[in-house]
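In what follows, a single structure is set out as structure tokens and then discussed.
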Ligand code: PHB
């Protein structure tokens with residue numbers, strides 16, 4: 001027998017069953033972040049990343065005793081490139097865990113990979129309802145929201161304000177459609193009606209043809225989903241068209257989230273519904289906002305909160321298995337049962353792994369989304385069609 005052969009034999013016999021966990025715990029944990037760092041959602045991806053890394057740093061850069069290597073990939077919110085991008089993270093970059101993304105179309109490639117390969121996926125924004133319904137999975141977790149949740153909260157709150165008829169304006173893709181369905185359901189629950197949905201393709205910002213139609217629709221309010229750069233433009237164009245004082249504009253909170261400085265006076269008074277508000281009077285929120293501002297040099301927003309909580313949820317899982325990612329049943333059980341001490345308020349996950357959370361009613365005032373009430377308390381996505389053992 002050659003020396004090499006003997007050496008191999010000796011190693012195999014000595015290490016035996018210990019080899020895999022020892023290796024798994026010694027090597028850095030590879031976390032693949034697939035997020036938009038360009039395009040209309042670039043700022044959202046940046047804030048998620050900054051807060052995710054902030055929490056890792058608070059833990060000394062380690063999870064479950066293992067150093068963490070973060071790999072970043074710009075998905076540009078492009079659904080067509082998504083399968084190739086996921087493939088790159090898994091096969092070229094050898095990611096052990098996937099974290100992503102912002103866009104509801106792009107996230108489906110991540111969900112598919114997580115379902116097929118069992119790789120853990122933490123969604124720090126994209127609200128596609130399928131991830132919490134028909135396509136839920138033991139390995140898929142969300143620290144953000146389902147699109148239905150903020151839409152429902154806004155519809156319910158609007159009906160409670162006495163509005164009877166409203167219209168929904170949005171980009172023509174899953175997030176806009178599903179938030180509109182939540183808005184419709186919330187209005188209906190309060191005895192009001194969604195009369196029409198007006199759309200334009202994502203990520204276009206030529207809003208003029210839609211704005212021109214609004215005064216003739218016979219509605220008392222306009223609800224909208226736009227986010228990032230598109231939300232800045234929509235809110236400004238709405239005011240410039242002279243609609244602000246004629247037809248109240250409201251929406252899911254993304255419309256005024258992380259955008260108020262750029263929207264200026266055009267955003268003043270806009271009411272939105274979201275699972276977060278800047279001045280939420282929760283001790284964890286004050287500490288978080290101060291730390292984020294010190295690190296990033298800008299104010300935190302819901303995207304930062306969701307990124308921070310993705311790191312907290314991952315930590316709950318990886319700590320429980322002491323870094324052994326092969327112990328996936330125990331990893332997933334720990335994540336499923338975690339109580340996350342979030343800046344939005346502590347939350348747990350529903351049976352389909354989506355936060356059960358308050359949806360706050362907010363009003364934009366002086367550059368802040370001020371919480372003025374609770375639109376829907378401890379709201380869970382219905383989880384229709386999700387079957388998890
Ligand atoms: C989504 O596509 O699910 C989405 C994108 C941006 C947001 C919210 C939801 O701000």
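Tabulated data
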| read-out | value |
| --- | --- |
| First in segment 46-65 and on the phi > 0 side of the Ramachandran plot, second anywhere and at pLDDT below 95 and assigned to a helix (DSSP H, G or I), Cβ under 8 Å, 6 or more apart | 64/25; 65/25 |
| Unmet requirement for residue 269, which otherwise passes all of (1) closer than 19 Å to residue 359 by Cβ; (2) more than 16 Å from the ligand (Cβ to nearest atom) | (1) |
| Complete set of residues in segment 32-74 that are assigned to a loop (DSSP other than H, G, I, E, B) and under 19 Å from residue 231 (Cβ atoms) | 36, 37, 38, 39, 40, 41 |
| Selection from segment 196-215 of residues that are without any contact (Cβ under 8 Å) to a residue 12 or more places away in the chain and within 28 Å of residue 125 (Cβ to Cβ) | 206 |
| All positions within segment 103-133 that are in a loop (DSSP other than H, G, I, E, B), within 14 Å of the ligand (Cβ to nearest atom) and touching a strand residue (DSSP E or B) at 6+ places or on another chain (Cβ under 9 Å) | 106, 124, 125, 126, 127 |
| Helices (runs of 4 or more DSSP H) contained entirely in segment 134-240, each with at least 3 residues that are surrounded by 19 or more Cβ atoms within 10 Å (Cβ to Cβ) and within 14 Å of the ligand (Cβ to nearest atom) | 148-160, 174-189, 228-240 |
| Residues satisfying the stated conditions in segment 241-261, i.e. more than 16 Å from the ligand (Cβ to nearest atom) and buried (at least 23 other Cβ atoms within 10 Å of the Cβ) | 249 |
| Filter pass, residue 73 being more than 13 Å from the ligand (Cβ to nearest atom) and within 19 Å of the chain's Cα centre (by Cα) | yes |
| Of all residues making up segment 255-282, the number that are closer than 23 Å to residue 142 by Cα and more than 18 Å from the chain's Cα centre (by Cα) | 2 |
| Search result, residues across segment 276-332 that are touching a helix residue (DSSP H, G or I) at 6+ places or on another chain (Cβ under 7 Å), assigned to a loop (DSSP other than H, G, I, E, B) and closer than 24 Å to residue 182 by Cα | 276, 301 |
| Meets criteria (more than 18 Å from the chain's Cα centre (by Cα) and crowded, with 23+ Cβ neighbours inside 10 Å) for residue 298 | no |
| Criterion: in contact with a helix residue (DSSP H, G or I) (Cβ under 6 Å, 6 or more places away or on another chain) and modelled with pLDDT of 95 or more - qualifying residue of 180, 162, 155 | 155 |
| Looking only at segment 347-382, and only at residues there that are in contact with a strand residue (DSSP E or B) (Cβ under 8 Å, 6 or more places away or on another chain) and not in a strand (DSSP E or B), the one that is surrounded by the most Cβ atoms within 10 Å (Cβ to Cβ) | 354 |
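To keep it simple, each residue is scored yes or no on (1) without any contact (Cβ under 8 Å) to a residue 24 or more places away in the chain; (2) under 24 Å from residue 263 (Cα atoms); (3) in contact with a helix residue (DSSP H, G or I) (Cβ under 7 Å, 6 or more places away or on another chain).
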| residue | (1), (2), (3) |
| --- | --- |
| 194 | no, no, yes |
| 217 | no, no, no |
| 225 | no, yes, yes |
| 231 | no, yes, yes |
| 237 | no, yes, yes |
| 240 | no, yes, no |
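The values are calculated or read from the model by the stated rules, or taken from the named source; none is laboratory data. Computed from a prediction, not measured in an experiment: that's the story for all the values here. Backbone-built Cβ (ideal geometry, glycine too); neighbour counts: all protein chains shown.
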